[in-house]
1. For residue 61 and residue 220 in one chain, what is 0.36 nm times their gap in residues minus the Cα-Cα distance, to one decimal in nm?
2. Suppose the chain between residue 87 and residue 288 were pulled fully straight at 0.36 nm per residue; how much longer would it get relative to their current alpha carbon spacing?
3. Count charges around residue 191 for me, please; just the other residues with Cβ under 14 Å from its Cβ, Lys/Arg as +1, Asp/Glu as -1.
4. May I ask which of 42/126; 138/205; 42/245; 195/219; 245/303; 144/205 have a Cα-Cα span longer than 23 Å here?
5. Under 19 Å Cα-Cα from residue 154, which aspartates and glutamates qualify once same-chain neighbours fewer than 8 residues away are excluded?
6. Name the residue farthest towards the positive end of the dipole of the stretch 27-401 from the options 119, 237, 218, assuming +1 on Cβ of Lys and Arg, -1 on Cβ of Asp and Glu, about the Cα centre.
7. Based on the Cβ-Cβ distance of residue 140 and residue 94, what FRET efficiency does E = 1/(1 + (r/R0)^6) give at R0 = 60 Å, to the nearest 0.05?
8. Taking R0 as 56 Å, what's the FRET efficiency between residue 319 and residue 265 from their Cβ-Cβ distance, rounded to 0.05?
Amino acid sequence: MAIYQIKNKLFLLVSLLVLFSSIGSVAQKLVTIEEAIELSIKNNPSVLLADQRIAQEKALLPSTVNVNNLDVLFQSPTGQDQRPSILQTIAFPTVYVNQYRAQNVLVDVAGIERSISINNLKYNVKINYNNVQFLIEKEKMLTKFDSTLVNLLKVNEVRYNVGQIANLEKINGEAKYKTLQNQLLQTRAELNSVKFLLSNLISGKPEGEVFLPVSNLQKSSYSLSQDFQLSFVDKNPFNSLFERKRDYANRLLRTEQHRTLPSIMFGYFSQVTPDPALYYRLQFGVSLPLWYWKYNSLITAAKRGVESANTQIAINKNRLTTEYASALSQYNQFRESLNYFENTGLKQSAEILRASEQSFRAGSINYYVYLYNLDQAFQIQLLYLDALKSYNQSIINLNYLQGDI
């Protein structure tokens, strides 16, 4: 069973390498994070879709003045000739005013949804940009460790041939090297995958140039207030979205209330009469909304819509506040972890490498201890890279929740 699982894993890794092998043959372009965001907004179809939604809502503005069709009638006052009559019915004018204003709110909602799409796009670009930087550094670190182990294996081969070490020591070193090779293979496959995701976000299509970060993984700067405040998430576009949706619900309520006002009818008709002054006659009247239960139910439903919109605003604020508190906790956690590696961990790693090299050359430690110390030192450096990536990502999350991505 174990051999079968190992074969499956190796097959999966080989498949991933084959899947992304084409990336290496495609032109690569170095971009800053600002350039990556600018290109993604220009090329990504999600922004185009948002623009189309805005255009669609704007196109519906004239339809809010939805006057009834003109009635054209033919009458025969004398029983011989057909005389035309025209009758037009319109709702009370304030109905059209409120419908137009309600549709304008939907245009604003579509605009806010566009801002949300752009914010989500910026967030994904920054996350993947940070991940590519991290995996590039991780690959460099593993490659450096790989070179160290290769040199050590060459020495072990010579020592084994002259009988200085046993076969177990030789096998132990080779096993560690194979484990590292597997880790390096997985890292490269993951790097190719994230490169693909980043390039797809920037170019808006699955094929074309491969975009890579122009700089190495670096610590992001962030200014954090000591006191947690709910106002930190006030600029998040989801707040504006649900507030405008509440405005839309209020406009619908006003529209339904104004439908209870009488509709207006006017027109003219012609008739045959000996008096030429009475040849054309005008009509004017009103349509009274006597069946009030119909309008009352629509008004009640619109009021429930306003209540639902208020509830949605409260739910959204609670969600943002909770997510921000969680993101802030993660930020503090990763900041402390990164501070440890910057102030202590990296220095200890360098000292372990230096002391182990000297001790091994002097013969004061054996091969097993030396190999263990090498692995420990490199693991500290890998953990530092992971802490740096997570710290940067926590800042991206905080900025995203603040609406300042």
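1. Working: separation 159, 0.36 × 159 = 57.24 nm, distance 4.54 nm.
So the extension gain works out to 52.7 nm.
2. The span from residue 87 to residue 288 would gain 70.7 nm if fully extended.
3. On the way: positive: 138, 140, 188, 195, 389; negative: 137, 139, 190.
With Lys, Arg at +1 and Asp, Glu at -1, the neighbours total +2.
4. 138/205; 42/245; 144/205
5. Of all the aspartates and glutamates, those that pass the test against residue 154 - Cα under 19 Å, at least 8 places apart if same chain - are 146, 169, 174, 357, 375.
6. 237
7. On the way: r = 69 Å, r/R0 = 1.15.
According to the calculation, E is roughly 0.30.
8. The computed FRET efficiency comes out at 0.65.
Read-outs: derived from the displayed coordinates by stated rules, not from any lab. Predicted model only: the values in this text are computed from it and were never measured. Positions of Cβ are backbone-derived with ideal geometry, glycine not excepted, and every protein chain shown enters the neighbour counts.
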